[in-house]
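Here the structure comes first, spelled out in structure tokens, and everything after it is commentary.
A short reminder: the numbers here are calculations on the coordinates, not readings from a lab. Predicted, not measured: the structure shown is a model, and the values here were computed from it. Using ideal geometry, Cβ is built from the backbone for each residue, glycine included, and neighbour counts are taken over all protein chains shown.
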């Protein structure tokens, strides 16, 4: 029987041919933990009697979720990570360096065909490069630090074909929200998703990252974007599914007529055409997070604002996904343009997405964000409402003070 992409990658790491539903022990190429999970993983590692890391050169710790530290307790957790990294010889990215997922990709820590395990649910983002990447708990990660291996059940695979060409002004985030809305937050539970089709092959690296990132919002174990259209390093052969690979389901969507999308407060799969909520006043717009804090997203905001200031009574907060992205935006004038428009830049990291600091909303506020989650209380206040949208939609709302169709402000931005 033929194999899916997930089955092929896991076969290589199990050193035998495997199929869906088998329980396997696999070698892990690299691991990552952030400041929300690393302190617990360190404690578990020590309780297991851990001494040396199995692979310190490919063990990455990132201080990004509450960075810089907002209080003494978190400051001490950060110090625990710094001491551990120094003692064990692993790689540490400190506060301000950026969001863990952006850093793993930008610094070449994950490659096509890798098996990457992170103690963060959005580790699935690396499927944009054709890796099998998945999130685990801190204790499971500690065991991998000790052994270099993990066990898992080979997931069944759901194949999603996306046909058509996105209209001018409709972005990869709109496509992603649409798919999340179609499947629901449990529509692919413990499955690997293969994303393919003409609309997918036209996506650049950032769009692929957006699509893979939100596979977890459909319940998936991993989300893998087909390598069609992806420029791979020389000598790396693309991993493709066999023609007779078995899929638990194959879905087809045509997005040629897709309009800008919006996830309404409460759940990422609460998705509608943006125009359903057009005119809804907002007080807070946020551009950033691991799904949409890249340079192209900041460029989109500049294009939409087009020299106009943020609407009175609205604050626009921006967290570039990494220090390098911030420096590029500084060098090309993007930071100045957005700052003159009234935006406030905060350190590269997760920022208010997780609701720990750097912009927790007040009671009754209506927020539009480029984040990937809008569960009640997600940004730190259960009495505030969060809409999710593309960077274009967030910038348009910041400019007008209300949810607004961004397409008139754009000329083919993707």
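A few points about this structure:
- For the chain, the relative contact order works out to 18 percent when only alpha carbon pairs closer than 8 Å and six or more residues apart are counted.
- Mean Cβ neighbour count within 10 Å, used as a protection proxy, ranking 210-218, 390-398 highest first: 390-398, 210-218
- Inter-part distance where the stretch 281-306 and the stretch 43-91 are each reduced to a Cα centre, Å: 31 Å
- Entry for Cα extents along the principal axes in Å (calculated from the structure that is shown) out of [x] 59, 53, 40; [y] 100, 54, 43; [z] 100, 59, 35: [x]
- Taking 7 Å steps out from each Cα toward its Cβ at residue 248 and residue 80 produces label points 3.5 nm apart.
- In plain terms, if you count all Cα to Cα distances in the stretch 155-258 and split them into 10 Å steps from zero, the share in each step is 15, 50, 30, 4 percent.
- Cα shape, the stretch 248-328, gyration tensor, a/c 1.5 rule: oblate
- Take every Cα pair under 8 Å whose residues are at least 6 apart in sequence, average their separation, divide by the length of the stretch 26-153, and the relative contact order is 37 percent.
- Fraction of C-alpha pairs exceeding 18 angstrom in the stretch 44-199: 67 percent, rounded to a whole number.
- Within the chain, helix-based [θ] at 222 nm, where runs of 4 or more DSSP H residues each add -39,500 (n - 2.57), nearest 500: -8500 deg cm²/dmol
- Antiparallel bridges, percent of DSSP beta bridges restricted to the stretch 262-409 (to nearest 5): 20 percent
- Cα centroid separation, the stretch 166-199 to the stretch 239-253 (Å): 16 Å
- Choice from 333, 342, 219 with maximal GNM fluctuation in the chain (Cα, 10 Å cutoff): 333
- The packing ranking of peptides 32-39, 47-54, highest mean first, is 32-39, 47-54, where packing means the average number of other beta carbon atoms within 10 angstrom of each residue.
- Where a label projected 7 Å from the Cα of residue 240 along Cα→Cβ would reach, residues of the stretch 115-129 with amide N under 18 Å: 129
- Inverse mean reciprocal Cα-Cα distance (Kirkwood Rh) of the stretch 262-409, Å: 14.7 Å
- If both residues of a DSSP beta bridge must be in the chain, then about 20% of such bridges are antiparallel.
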